[in-house]
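Novice: Handing you this structure, nothing more for now.
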Amino acid sequence: MIRALAFDWGNTLMQVFPQYAGAMVDWPQVAAMPGAQAALEALAGRFRLVVATNAADSGAAQVRTALDRVGLGQYFEAVYTVHELGARKPQPGFFLALERVLGLGRDEIGMVGDEFVADVLGATRCGWQAFWLNPSWQAAPALLPVQAAQLSGLDELPGVLDRPLLPGLELCRSWVQEQGSLGVMQHVEMVAAVAYWLALELRRRGVQVDPVLAQRGGLLHDVCKLRGEEPGAADHGRRAAVWLRAQGQPELAEIADRHMLFGIEQSDRAPHSWEDKLVYFCDKLVEGNRLVEWEERLEALRLRYHLDAERLGRAQVYLGALRSELCQLLGLPEAELVARLRKAVFSAQQ
């Protein structure tokens, strides 16, 4: 359980103005990042709050004075820079030194920052939870979001911490392996990558969807699917939902429960949220580990499992409507969607 939050400084708590050099405390203009005041006020008292920065031009006292100029210094019990910790992010020594001075374990500290490599990757490699402040909704390298959450503003952080944190990438993969679903690993990895990319594109256009939740939902939608299992013969979506709820993951349970091909025939199992819809749709674009048109995927399923033509037709109508909705929001011709997804995945993985 997280007990302390370590915040990066520049462009996380306070804006960096490129026209100024030297210690920020001496700049003629300083400003807090949008949402910082509201977030810290909501988090104070619930968590130990510290600043952990790579700042080289400023020591801890100067950082605190700069924070005081914008009314944020009062929320932090301590400030740590490279001068105090003797290492820089993303070096493990930075995070290990912070664990020692706080007297906390790696699973008790979360890192909040705007730089993916320094703040997010550095922290997660040391076993911390990381929260990526990413207002422009940029994609994580290789479409692999190791962060616990992606934030457009710091004011979103208290709400994220009110909910169960999503499992990390390695934990998701180990769950798939432990549940005997080794045969689906390549499939779920591709579904997750495409769902994440689509979620980011939608967020940039103002659609309320959580890209990390969509990605984790893609990884875990088949967590309880057994090798060779036929659609409908055994409901692996329902099994996965029960199992994920037992792991304390109700949002992921909903996605798994609502991804089944014929779930659209039941009002309580049809995709509801955008995360549900993306995983349902992307699952129908991935045959094995190949991105294909959903018509090809459904034809492969029909031949493989001898599916009922009438039920399959209803699924085709639903998928066609969902593709149209997605393409309208994304500003893409429907005929170009899969080609665009292939290009995005290929580019990300180079």
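Novice: Mind listing whichever residues of region 301-319 are in a helix (DSSP H, G or I) and surrounded by 13 or more Cβ atoms within 10 Å (Cβ to Cβ)? I'd like the intermediate steps shown before the answer.
Specialist: Our first condition is that a residue be in a helix (DSSP H, G or I); within region 301-319, this holds for 301-305, 309-319.
Scanning region 301-319 gives 301, 302, 305, 311, 312, 314, 315, 316, 318, 319.
Novice: Report, by residue number, each residue of region 1-34 that is touching a residue at least 24 places away in the same chain (Cβ under 8 Å) and charged (D, E, K, R).
Specialist: 3, 8 - these are the residues of region 1-34 that are touching a residue at least 24 places away in the same chain (Cβ under 8 Å) and charged (D, E, K, R).
Novice: Quick one: residue 127 ticks every box in (1) of a type outside the set (Ser, Thr, Tyr); (2) touching a residue at least 60 places away in the same chain (Cβ under 8 Å); (3) closer than 22 Å to residue 53 by Cβ; (4) outside any helix (DSSP H, G or I) bar one, so which box is it?
Specialist: (2)
Novice: Same structure, new question: Cβ contacts < 9 Å: first residue assigned by TED's automatic domain parsing to the domain that holds residue 253 and surrounded by 12 or more Cβ atoms within 10 Å (Cβ to Cβ), restricted to region 201-213; second residue of a type in the set (Lys, Arg) and modelled with pLDDT of 95 or more, any location; separation 6+ or different chain. Result?
Specialist: Every condition considered, the pairs that remain are 209/203; 209/277; 210/203; 211/203.
Novice: Let me spell it out: the conditions are (1) of a type outside the set (Val, Ile, Thr); (2) over 18 Å from the mean Cα position of the chain (by Cα); (3) surrounded by fewer than 21 Cβ atoms within 10 Å (Cβ to Cβ), and residue 135 meets all of them except one. Which number is the exception?
Specialist: Here residue 135 clears every test but (2).
Novice: So, in region 5-18, how many residues would count as being surrounded by fewer than 18 Cβ atoms within 10 Å (Cβ to Cβ) and in contact with a strand residue (DSSP E or B) (Cβ under 9 Å, 6 or more places away or on another chain)? Explain how you work it out, then say what you get.
Specialist: Within region 5-18, the first condition is being surrounded by fewer than 18 Cβ atoms within 10 Å (Cβ to Cβ), and the residues that meet it are 11, 15-18.
Adding the requirement that they be in contact with a strand residue (DSSP E or B) (Cβ under 9 Å, 6 or more places away or on another chain) leaves 11, 15-16.
Matching residues across region 5-18 total 3.
Novice: Any residue at all in region 96-119 that's acidic (Asp, Glu), over 22 Å from the mean Cα position of the chain (by Cα) and surrounded by fewer than 23 Cβ atoms within 10 Å (Cβ to Cβ)? Break it down stepwise before answering.
Specialist: Step one: filter region 96-119 for residues acidic (Asp, Glu), giving 99, 107-108, 114-115, 119.
This time we only want the ones that are over 22 Å from the mean Cα position of the chain (by Cα), so: 99.
Restricting the remaining residues to those that are surrounded by fewer than 23 Cβ atoms within 10 Å (Cβ to Cβ) gives 99.
Looking for residues that are acidic (Asp, Glu), over 22 Å from the mean Cα position of the chain (by Cα) and surrounded by fewer than 23 Cβ atoms within 10 Å (Cβ to Cβ), one finds at least one in region 96-119, hence yes.
Novice: Follow-up question, since we're still on this one. Which condition does residue 222 not pass, out of (1) assigned by TED's automatic domain parsing to the domain that holds residue 326; (2) in a loop (DSSP other than H, G, I, E, B); (3) surrounded by fewer than 16 Cβ atoms within 10 Å (Cβ to Cβ), if it passes all the others?
Specialist: Condition (3) is where residue 222 drops out.
Novice: In addition: Condition check: touching a helix residue (DSSP H, G or I) at 6+ places or on another chain (Cβ under 9 Å) and assigned to a loop (DSSP other than H, G, I, E, B). Does residue 71 satisfy that?
Specialist: Details: touching a helix residue (DSSP H, G or I) at 6+ places or on another chain (Cβ under 9 Å): yes; assigned to a loop (DSSP other than H, G, I, E, B): yes.
So residue 71 passes the test.
Novice: Okay, moving on. Just to be sure I understand, how many residues within region 78-98 are without any contact (Cβ under 8 Å) to a residue 24 or more places away in the chain and assigned to a helix (DSSP H, G or I)? Break it down stepwise before answering.
Specialist: Here is the first cut: in region 78-98, the ones without any contact (Cβ under 8 Å) to a residue 24 or more places away in the chain are 86-87, 93, 97.
Subsequent filtering for residues that are assigned to a helix (DSSP H, G or I) retains 93, 97.
Number of matching residues: 2.
Novice: Also: Scan region 144-154 residue by residue and report those that are crowded, with 17+ Cβ neighbours inside 10 Å and either assigned by TED's automatic domain parsing to the domain that holds residue 245 or more than 10 Å from the chain's Cα centre (by Cα) (or both).
Specialist: 154
The values are calculated or read from the model by the stated rules, or taken from the named source; none is laboratory data. This is a predicted model, so every value here is computed, not measured. FYI the Cβ positions are ideal-geometry reconstructions off the backbone, even for glycines, and counts take in every protein chain you see.
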